[in-house]
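Read through the structure below, which is laid out as structure tokens, and then see the notes.
Derivation of every value follows stated rules applied to the coordinates shown; laboratory data play no part. Since the structure is predicted, the reported quantities are computational estimates derived from the model, not experimental observations. Don't worry about glycine lacking a Cβ; one is built from the backbone with ideal geometry, like all the others, and counts go over all protein chains shown.
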Amino acid sequence: MTTGRDGATLAEFRATVRDWCRREVPTDWRGAQTGVGDDEYVAFQQEWFQRLRGAGYAVPHWPAAWGGGLSSAEQVILYQELAAADAPRLVLAFVSIHHAAATLLAAGTDEQRRRHLPAILDGEIWVQGFSEPEAGSDLASLRTTARRDGDAFVVNGQKLWASGAVHADWCLLLARTDPAAPKRRGISYFLMDMRSPGVEVRPIRNAVGESHFCEIFLNDVRVPRSALVGAENAGWQVAQATLATERGMTMVELAERLGNAGFRRLVEVCRTPSASGRRPIDDARVRDRLAGFDTEITGLRALCAGLVARHDTGTVGPADASVVKLYYSELLQRLTDFGVEIAGLAAHTELTKPISSGWEAGAWVLDFIGSWEWTIPGGTSEIQRTIIAERGLGLPREPVKA
Amino acid sequence: MTTGRDGATLAEFRATVRDWCRREVPTDWRGAQTGVGDDEYVAFQQEWFQRLRGAGYAVPHWPAAWGGGLSSAEQVILYQELAAADAPRLVLAFVSIHHAAATLLAAGTDEQRRRHLPAILDGEIWVQGFSEPEAGSDLASLRTTARRDGDAFVVNGQKLWASGAVHADWCLLLARTDPAAPKRRGISYFLMDMRSPGVEVRPIRNAVGESHFCEIFLNDVRVPRSALVGAENAGWQVAQATLATERGMTMVELAERLGNAGFRRLVEVCRTPSASGRRPIDDARVRDRLAGFDTEITGLRALCAGLVARHDTGTVGPADASVVKLYYSELLQRLTDFGVEIAGLAAHTELTKPISSGWEAGAWVLDFIGSWEWTIPGGTSEIQRTIIAERGLGLPREPVKA
Amino acid sequence: MIDFTEGADLAELHDELRAVARDLLGTAAGGAPAVKEATPVDWEQLAAVGWLGLEVPEELGGAGASLAEAAVVLTELGRAAARSSYLGTAVLGVGALLALEPSAGRDELLRAAATGAPRFAVGLATGDDEDIPFHLRADGRGGFTLRGEARFVPDLAEAERLLLLARDPDGQPVVVLTEPGRPGLDVVDVPVLDATRSLGDVSAAGAGAVVSADQVARFRGDPWAAARGLRDRGVLATACDSLGAAEAMLDATVAYARVREQFGRPIGSFQAVQHACADLFVAVSVGRELVAAAARACAAGDQDAGRAVAMAKSYVGGAAVEIAGKAMQLHGGIGYTWEAGIHVYLKRCVLGRALFGTPAAHRARLAERFAGPRRG
Amino acid sequence: MIDFTEGADLAELHDELRAVARDLLGTAAGGAPAVKEATPVDWEQLAAVGWLGLEVPEELGGAGASLAEAAVVLTELGRAAARSSYLGTAVLGVGALLALEPSAGRDELLRAAATGAPRFAVGLATGDDEDIPFHLRADGRGGFTLRGEARFVPDLAEAERLLLLARDPDGQPVVVLTEPGRPGLDVVDVPVLDATRSLGDVSAAGAGAVVSADQVARFRGDPWAAARGLRDRGVLATACDSLGAAEAMLDATVAYARVREQFGRPIGSFQAVQHACADLFVAVSVGRELVAAAARACAAGDQDAGRAVAMAKSYVGGAAVEIAGKAMQLHGGIGYTWEAGIHVYLKRCVLGRALFGTPAAHRARLAERFAGPRRG
């Protein structure tokens, strides 16, 4: 494997990655992946994943023993170069290589790790089964139950916003195993085979017409006891431990993509002359906004770098991740909104955007509407602000209802 | 008196007022009233008040029998023309002609009215003694007490933000007469002679260095029973009834002043060339902002007109006044902030602004800092938003603390 | 049909018209939008209730009302995110016809417009560029050759008659009356993300289209003022539409926040939601005033109408996108689903912001009066 | 005195410097600002702790540190809203001297600067206009005549020595070493609302001021780059100052919101206050990163330093005003009093936004690289 691990300097590592990208990133994948069907999307993602895997770039954050082992600095460089080369995103494998792997590494048994980590490298797809219809951002109030029945649990309930569930082989499932316990107690964490009888997946169309969010209906689904991760009724803690393994690298990737393809496309559209020959960028107001976005993206990148560095030194603050997520998602929304404004009426005729892209596709209206996928899921912007205020700044909590 | 009451059309009334303004508004009062002492300020205000009184323009909103009697439409015209002529504001008499008169007219005895309304026309000055140090926007928790002692009440406590108290002859006082009653009950409303023994006034310097806000210390102040307005312990209701007589005309005045002198000065500063000869207005970004402010001021004026009209027809909504106050005060803040930006470093050398002016003096930094006098007192912008949400939109109230 | 004859109280008439519209469009209860797809409004019904002929003189079968009343209907169509050819036929089409020199032909078309058959589309500039899109050259045989292109023309695909804004050989604005399918004329439907709208391009390229003299209609009075007035109609109509959509989004959000519970209480009791809704309410209130003023100014033919519509459009165009966006945000995950229908409004508002001029373009136009002569 | 020799961990050193500074300036506890008037910081003490000579080479009695360390001090001075001549002497004065061709005279001045006597002021452009404010004409007798004007020069009234940025007769930037009181030179104190700052105008009008050849000092290397670098120092310094003031305002607001009760609970438990504070925290976090990057770039002499300081200044300059304004708002009535001292910070931030270029001016400069060649 050609990584920088073996004494190579970071500059050498960057050169290696850049060179690899020049050779391996598919050309014009954006064009080719616009408007394709589901099968082609999955095939494209799996192939790209294997190509990255071959170079040692698919799971850089995993321990070396399992196929990863890049340092934080190398991972940052990797994401910078992939973004600079406008490589496709790893959308399909996202939960597998991040949440599933983190869960297994942090709380799984050896048996569970050996069963799943190599499989994930071979393309096993996972889905997260946390959210529920009535719970929304309030995870502690989840209602799906798992009742003990001999050597298994019988699961009943419904999951929502399960991204990519139609393609998933396995599910990270939170379910209530002790209905009498207080809200955050009595929840257990399971690995659930999506081919189990009683699992039904129904895609939900989102605001841009895509269907990667899904509902999962669980009807007397039997999950063996061996599928439990961590102790029974300690699922909440397992979920928290999983979250704690996220070290800011996803935000680095998103910031780099916004700073590369995203901003480049924005400058491009500002330079495109209208029918009357006038370029938006010839307007001082447009230049002012562009310079503002350039500045904010620079700030975002620095925030991300700081987050990664503080994870490395163990000095990360309790709200640091929320600051970055909030700032990124609202910046993305403002930037794509401005893109819509500048691109004018013609922007509305772009009816599809490339799959495997983020919201920096340059299909401005779709990118803008898609930006709510960042301000709502994973804790709405409102919830991030509360976290920042209470945990980051130590402001008193809102009084609980009488 | 030359008003439009006697069958004259509104157009004729406007012409009459315009003509009067041309003759009677002091020329260059802004220059002359910049940096003057307290005595000169009071003399200037009193003289201007008497000049307006002579024309029937000092208390247009009072009943005709007491010296007023203009219709809403005429009052709007009056304020439009005064603003267009950039006349001085009635600052000193504000509480007297609005809050004091409204209280007397709505809840005072005939005796009280006869004693005070003509005196106000002759220049009697009033101050509002509602706010207290610990209460802020939370009026219901006031602590000043008025204990019955024979035919009088003995008042002890402290009032804050009493605007103009150093000049006041009389005070509209809220004090707690029944300490055992729930928060909003047990409060009484008094007319208090400011020359009573035990009244001490201490001016508070505000953020721009002026001292019109004051503390009032009340130390065993005797107030006769006859000074009670409304029933004992019904002071909260009296205060509410007083508020209800405000029919939006103050907002009309402020909006007109912002739309006239305020915006005119903003355009002026945008047209002033810098040392290098370049005018801010030659920048498309500046033109964009100016057009935005012009639009917002137009919207504000229409909102004010609508508020007055709905008061007239009795269809005013429970949050309409909050909408206008919130919008005005934040627009004022944004507009003066932009003025500061455009006026550049030179703006910081203007160390005083004309007294008797609003925050549209063109002393941009002082105007900007003074704009917080609108977003904080009289219910902060935060409280206005809560009022709009709960009373205007019917959203559920925040749960009360357990 | 409502009586718009003189003397009637306009505010009351508008309230009545609004109530009828909400009834007809199924938005009477306010509340959450139920729109998921672009369901067209029944065209015959619009004709039957008299909306198509609102501005058509009574003697030609119309209601003899004004653009102020059409503005009420436009706002309600926006509120319902309704798909109809109202803008093309009843607002732009009728507006163009009313601005022409009276003639038997024109009156016949006005009478037809009120009945809804044929439908019209008006070829004029709908983007930031306000130029007149077509021009005529005399062909030396008493007729003309038409060339030019109008893009993003509302309700073009459904239109049976076209009114194209053109410069005559002297450079003066005129209206060319024609139909889709005429030789040399290209009509293309342009699908957009906002599925509740119909937009299309009409062009006469290459050799152009042959136009006979009787197809060329002249404006009454100053033709430039008439052309500007026609564009102002489009601007106002889009502002009305965005206002209506914004109102719907505010109502839907407030209704949702009252009932949706999280963390054990209605989300509408959280200050973050309360204050966000308060800001939306303020923006809707300001927008409503500006739109009302613009509608009055247009209806009265005020000299300053252009300024009033630019203000309304620039304010409401921007605010509506913010309001629909905030509605999506405050609806949480549900709001981002296709089913919830918020996206329908968001797309409509985003398109509405650009159609007939972006806020920035209108503000640039408004700023011309301050700039004064250049010095230094 | 802290050891800035190579190999030491810069982040730790900066933390230490920051802690010392907060101790010395009385802002160690964070919390509410106690500033009511412009109390000057003890100048001798600044010299004694080595801050004035931070950038002066060790062999000249300084600490041999860099602008990155001075940036820490500048931020802390902003945090304390301190009045001192640090900017004029230790940042601009020392910065100008360091950029000159080495000479015994220059080294003597650097050595003196580190002791705090004399104090310096640098006559350079401090507004949006970046031109070099003075120019020299040869007087034919081996000397020069100086003409020009620099307005709003920091710490001018307290300065005993002046370094005026001028164009020599060939148009190249040079530094003129002079003193207040020299014939033909006018030095005027300009009082501003922000009483924590000292600004003044220095001019040589009319017949100008006579300057001898040995008063004219040349820059090392590219004189234009040196002049730009000097201006960048002022830009960075002002950004640091605003960042410090913004940090103080955030801390004060959070501390106040924790204890101040209204409606029976701490105001910091209301979402409106929580979310506002969260937004301020985000802005401070972003600003801190941009300022740190700019300080690093300047200290390292990066080619891109101008871009980094423009980003830091434009972002923090605007954000600091918003943060101080929000602090005033969230402190309620108390915040609007003179006693509370919030106004001191607000005025300092508002002035800081304009000093060394408004955010808009810096963004205009930043945008030059995108605009590309004009077409069409």
**Q.** Calculated on alpha-carbon atoms, Rg and Dmax of segment D:223-371 in Å
**A.** 17.2, 64
Q) Taking the axis that carries chain D onto chain C, what is the nearest Cβ in chain D, and at how many Å, to the whole number? A) D:271, 2
Q.
Taking the Cα centre as origin and putting +1 on Lys and Arg beta-carbons and -1 on Asp and Glu beta-carbons, what dipole magnitude results for segment A:6-95, to the nearest 20 debye?
A. 160
Q: Output the relative contact order of chain B, whole-number percent, from Cα pairs under 8 angstrom with separation of 6+ residues.
A: 15
Q: List every DSSP H helix in chain C whose Cα atoms extend 15 Å or more along the helix's own long axis and whose mean Kyte-Doolittle hydropathy is at least 1.6.
A: none
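Is segment C:93-230 best put as rounded, prolate or oblate by its Cα gyration tensor, with a ≥ b ≥ c the root eigenvalues, rounded for a/c under 1.5, and otherwise prolate when a/b is larger than b/c, oblate when not? Display every interim value, and only then the final one.
Details: a/c = 1.41, a/b = 1.16, b/c = 1.22.
Here segment C:93-230 falls in the rounded category.
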Q. Quick one: label points 7 angstrom along Cα→Cβ at residue B:394, distances to the other copies in nm, smallest first?
A. 4.5
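Would you mind classifying the protein assembly as shown by shape? Square roots of the alpha carbon gyration tensor eigenvalues, ordered a ≥ b ≥ c; an a/c under 1.5 is rounded, otherwise it is prolate if a/b is larger than b/c and oblate if not.
Values: a/c = 1.25, a/b = 1.02, b/c = 1.23.
Since a/c stays below 1.5, the shape of the protein assembly as shown is classed as rounded.
So, with +1 on the Cβ of K and R and -1 on the Cβ of D and E, and no other charges, what is the size of the charge dipole of segment C:223-371 about its Cα centre, to the nearest 20 debye?
On the way: 17 positive and 12 negative charges, 59 e Å.
Roughly 280 debye, rounded to the nearest 20.
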Q. If you average the sequence gap of Cα pairs under 8 Å that are 6 or more apart and divide by the length of chain C, what percent do you get for the contact order?
A. 18
Q: Order by neighbour count: D:54, B:258, fewest other Cβ atoms within 10 Å first, most last.
A: B:258, D:54
Q. So in the protein assembly as shown, what percent of DSSP beta bridges are antiparallel if you round to the nearest 5?
A. 80
Q) Going by how many other beta carbons lie within 10 Å of each one, how would you line up B:21, D:240, fewest first? A) B:21, D:240
Q: Return the distance in nm (one decimal) between the two label points of a simple spin-label model at residue D:261 and residue A:178, each offset 7 Å from Cα along Cα→Cβ.
A: 3.6
Q) chain A: longest stretch without exposed trypsin sites (Lys or Arg not before Pro) (DSSP loop, at most 16 other Cβ within 10 Å), sites themselves excluded? A) A:6-142
Q) Hey, for residue A:27 with labels 7 Å out along Cα-Cβ, what do the inter-copy distances come to in nm, ordered shortest first? A) 7.9
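If each residue's Cβ is checked for other Cβ atoms within 10 Å, how do D:270, B:293, C:356 rank with the fewest at the top?
On the way: D:270 25, B:293 21, C:356 30.
Placing the least packed residue first, the sequence is B:293, D:270, C:356.
Using the structure shown, select from A:325/C:347; A:159/A:325; B:353/C:313; C:326/D:326; C:326/D:347 the pairs with a Cα to Cα distance greater than 31 angstrom.
Details: A:325/C:347 25 Å; A:159/A:325 24 Å; B:353/C:313 37 Å; C:326/D:326 22 Å; C:326/D:347 34 Å.
Where the Cα-Cα span goes over 31 Å, the pairs concerned are B:353/C:313; C:326/D:347.
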Q.
Give me the inter-chain shielding for D:354-365: mean count of other chain Cβ atoms within 10 Å, whole number please.
A. 5
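Among the helices of chain B (complete DSSP H runs), which have Cα atoms covering no less than 15 Å along the helix axis and a Kyte-Doolittle mean of at least -1.0?
Numbers: long enough: B:10-24 (20 Å, -0.88); B:38-55 (26 Å, -1.05); B:72-84 (18 Å, 0.43); B:110-121 (17 Å, -1.24); B:284-313 (43 Å, -0.02); B:320-343 (34 Å, 0.31).
For chain B, where a helix must reach 15 Å along its axis and average at least -1.0, the hits are B:10-24, B:72-84, B:284-313, B:320-343.
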Q: Take the Cα atoms of chain C, find their three principal axes, and give me the spread along each one in whole Å, biggest first.
A: 80, 60, 41
Q: Quantify how strongly other chains surround peptide C:284-292 by giving the mean number of their Cβ atoms within 10 Å of each of its Cβ atoms.
A: 5
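Just check segment A:126-233 against the gyration tensor rule for me: Cα atoms, a ≥ b ≥ c as the square roots of the eigenvalues, rounded for a/c under 1.5, and otherwise prolate or oblate depending on whether a/b exceeds b/c. Display every interim value, and only then the final one.
Values: a/c = 2.21, a/b = 1.41, b/c = 1.57.
Verdict is oblate for segment A:126-233.
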Q: Could you tell me which of D:122, D:320, D:91 has its Cα farthest along the dipole of chain D towards the positive end, charges placed at Cβ (Lys, Arg +1; Asp, Glu -1), taken about the Cα centre?
A: D:320
Q) What is segment C:119-211's relative contact order, in percent, from Cα pairs under 8 angstrom and six or more apart in sequence? A) 33
**Q.** Ascending list, in nanometres, of distances separating the residue B:54 label from those of the other copies (7 Å, Cα toward Cβ)
**A.** 9.7
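Taking the Cα centre of chain C as origin, work out the dipole magnitude from +1 charges on Lys and Arg Cβ and -1 charges on Asp and Glu Cβ, in debye rounded to 20.
On the way: 37 positive and 48 negative charges, 270 e Å.
So the magnitude is around 1300 debye.
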